[in-house]
Amino acid sequence: MDMKRYIGKRMFWAIISLFGLSIFIFYFGRIIPGDPIRMMVDPRTPESVVEELRRSLALDRPLYTQYFIWLSNVFRGELGFSIHSRRSLTLDVREYLPRSLELIFYAGSVQIVGSFLLGVAAGSNINKWQDHVTRIFSYIGVSIPAFVFAIIFQLVFAYQLGVFPTGGALSEGFSAPGGPTGFIALDSIIHGRFGTLLNFIQHATLPAIALAIPGMAQVTRMIRSGMITINQKEYIAMSRGFGLPEKDVRFKYLLRPSIIPAVTVLGMQIAMMLGNAFLVEIVFRWPGFSRFAVNAMLRSDLNTIVATVLIIGLMFAVINIVIDVLVAYIDPRIRFSRR
Amino acid sequence: MAEHDTEGEISEEKIEKLIGEEKEQSPWKDSLKRRWYRFSRNPLSLVGLGIAIITIFLAIFGWLVVPYPEHGGYFSNYPDAFIEPFRDASYIFGTDEYGRDVLTRTILGFRYAMTMVVVVLTLVVPSGVVVGLVAGYHKDTWVDTLLMRFSDIFIAVPPLVLALSITAMLEPDPLYAMLAISLMWWPWYARIAYNNVSSLINEEFVRSAEIMGDSKLHIMFSEILPNCTGAILTKATLDVGWVIIIGASLSFLGLGAQAPTPDLGTMVADGAAWLPDYWWPSIFPAIAISFIILGFNLLGDGIQDAFEEGSQ
């Protein structure tokens, strides 16, 4: 099937890009001045111990050898040692990454629901008040960076109004349920601890909305303009003239083709959240991977930097491929075309 | 084009008159007029243009109009620290923890934001466009594969993540931040140029230039490039906002301009430490960031309108 070949090709190039990226980041991190060993150990450590450590970590070997040693470790699931947390990065990833994924999942859901509601409301009521409100929202959403939203939400809803907690993932007195999946939300459901779940959702709401809004603004505009374009097509006028119920025309024939370009942008925006999460997690002291990574980066923790770029690159590629498949599924023109 | 006379034939005089009129009005000037009309039809585009002009003016002459130019650097006046905004006529936006005027520092911050935009765009637009032109002109050859796959490497992660990683490995410095942003930004211009070029290479004017024996360089830069200007210009205008967001984000995380530089992102980050009691040192610079981005977004939309319809 052509679709399978297309996806295979996409995956092949995504993997090549990730390899290129890993080589670039790995080399870049090692050609800049600075001794990784000296940053790891106590300044008073004798030179012989340092040399021993250097040899045991293969840091005295040529760069390409180091790269292949590192790469084979990565394939065995060993991401290296973090200077920042003073333990294996694999443990850090296992602890912090689920927090970030939960937040992005929440934010992504908010984005999808919000942009569809607003986009359809505006697209079905062109030049009425729904359209104007949506347009103002879009301009605000595109113009204000996610971290500014985060600060404003924190100030207004957490500090001033007190309706949401100011930061963190769980209040004092609540502990992570600790369970099979590592995701707090899923584990609380499995263990039946709905109080914990509710508390967690309360904590996640403000950061999730702050993450969702910038992308939501763009997707809303895409859906609106998509609906306007499709509405002018002859087949829509024909179906109306044919006497089909307006509901059918709107949801069956108008909506589906007009959301296709929006789905692509939506996917890109959800993937972009992986970047914005760095700022939002810092503002809300969210114990996620992005916050861990920023703190490690501020200490020039090379292994963490390389691992972060690759993990996020991998998720980015997966999201983009999933979106491609999804678009092909919605859009028969792509599904049946020969690529 | 030519209007028919009621008698059904066109006199020679009339033809000459028509040709003469066409000669007088150069096509470039004519299309510029039409584009300005399309642009100015939407009042929001004019608002955007106004904000962009104010921003550029303040970026260049800001230090001449601010009330306290010395507050841009190391300056402290602790008795005046944390004056609330709109209370004291001499400090309309209030003062920060060192007693520095927030209005002054916010206006001075425009220069750092715009410097970053100018540096990044001058590095990124030409390099990306050249790569995209060359790759697009050699579509489906090894040159295309090599260049475009190489550029894919830098957009395999969200822009902020890569810029953050590179800046983190170097010393925190605004110059490094600008270089890091440029490094991950050029592929977008390569893509735009590539897409435009690959839809143009089979057009007649390119074919005829090839048959005339024009050099590849001439075809790429004098024949194809002028037809991509609209798309590139639109992207560049809309990117002003994105570059400011990324730059402010890096500063916010402590990897851009360092204190006491009046950088908007740094000011938001430093001010956020005093939330919720003293909100103004962070919120006013944040509003300024959004103001600039809004202006250039409106301007970009206007330019897009002007070029999209004008070309049809």
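Values quoted throughout were computed directly from the atomic coordinates according to the rules given, and no laboratory measurement underlies them. The model shown is predicted, which means the values in this text are computed figures rather than measured ones. Cβ placement follows ideal geometry from the backbone for every residue including glycine, while neighbour counts extend to all protein chains displayed.
Counting only GluC sites (Glu not before Pro) that DSSP places in a loop and that have at most 16 other Cβ atoms within 10 Å, the longest clean stretch of chain A runs over A:173-339.
Calculate the dipole size of region A:234-339 relative to its Cα centre from +1 charges on Lys and Arg beta carbons and -1 charges on Asp and Glu beta carbons; express the result in debye to the nearest 20. The calculation lands at about 220 debye.
Label sites at B:L233 and A:M11, each approximated as a point 7 angstrom past Cα along Cα to Cβ, lie 4.5 nm apart.
Computed from the Cβ-Cβ distance with R0 of 25 Å, the FRET efficiency linking A:F75 to A:V325 stands at 0.45. Angle, helix B:280-310 long axis vs. longest principal axis of chain B, Cα atoms, 0 to 90°, nearest 10? That helix lies at roughly 0 degrees to the long axis. Using only Cα atoms and rounding to the nearest 10 degrees, what angle (0 to 90) does helix B:159-169 make with the longest principal axis of chain B? For B:159-169 against chain B, the angle is about 50 degrees. Entry note, region B:48-310: relative contact order of 25 percent, from Cα contacts under 8 Å with a spacing of 6+ residues.
Placing pseudo-labels 7 Å out from each Cα toward the beta carbon at B:V47 and A:I201 gives an inter-label distance of 3.7 nm.
Dipole magnitude for chain B: computed about the Cα centre from +1 point charges on Lys and Arg Cβ and -1 point charges on Asp and Glu Cβ, it is near 700 debye. All other residues whose Cβ lies under 15 angstrom from that of A:L266 are scored, Lys and Arg at +1 and Asp and Glu at -1, for a net of +1. Which angle between 0 and 90 degrees, to the nearest 10, do you get for helix A:302-330 versus the longest principal axis of chain A when only C-alpha atoms count? That helix lies at roughly 20 degrees to the long axis.
With the Cα gyration tensor of region A:278-317 giving a ≥ b ≥ c as the square roots of its eigenvalues, does the rule (a/c under 1.5 for rounded; else a/b larger than b/c for prolate; else oblate) give rounded, prolate or oblate? Here region A:278-317 falls in the oblate category. Across region B:67-126, C-alpha contacts under 8 Å between residues 6 or more apart give a mean separation that, scaled by the residue count, equals a relative contact order of 28 percent.
Between A:S171 and B:D30, the modelled label-to-label distance comes to 7.2 nm, taking each label 7 Å out from Cα in the direction of the beta carbon. Only lysine pairs 8 or more places apart or on separate chains count here, and in chain A those with Cα atoms under 25 Å apart total 5. Computed FRET efficiency, Cβ-Cβ of A:V318 and B:T122, R0 60 Å: what is it to the nearest 0.05? The computed FRET efficiency comes out at 0.95.
For chain A, modelled as a Gaussian network with Cα springs under 10 Å, which listed residue fluctuates most, A:A210, A:A296, A:A176? Top of the fluctuation ranking is A:A176.
For A:T220, what charge total do you get from the other residues with a beta carbon under 12 Å from its beta carbon, if Lys and Arg give +1 and Asp and Glu give -1?
+2
Seen through its C-alpha gyration tensor, with square-root eigenvalues sorted a ≥ b ≥ c, chain B comes out oblate because a/c lies at 1.5 or above while a/b is not bigger than b/c. In the protein assembly as shown, the calculated helix contribution to ellipticity at 222 nm averages -23500 deg cm²/dmol per residue, counting -39,500 (n - 2.57) for every DSSP H run with n ≥ 4.
Taking every alpha-carbon pair under 8 Å whose residues sit at least 6 apart, chain A reaches a relative contact order of 25 percent.
In chain A, excluding the sites themselves, the longest stretch lacking any of the chymotrypsin sites (Phe, Trp or Tyr not before Pro) that are in a DSSP loop with at most 10 other Cβ atoms within 10 Å is A:1-241.
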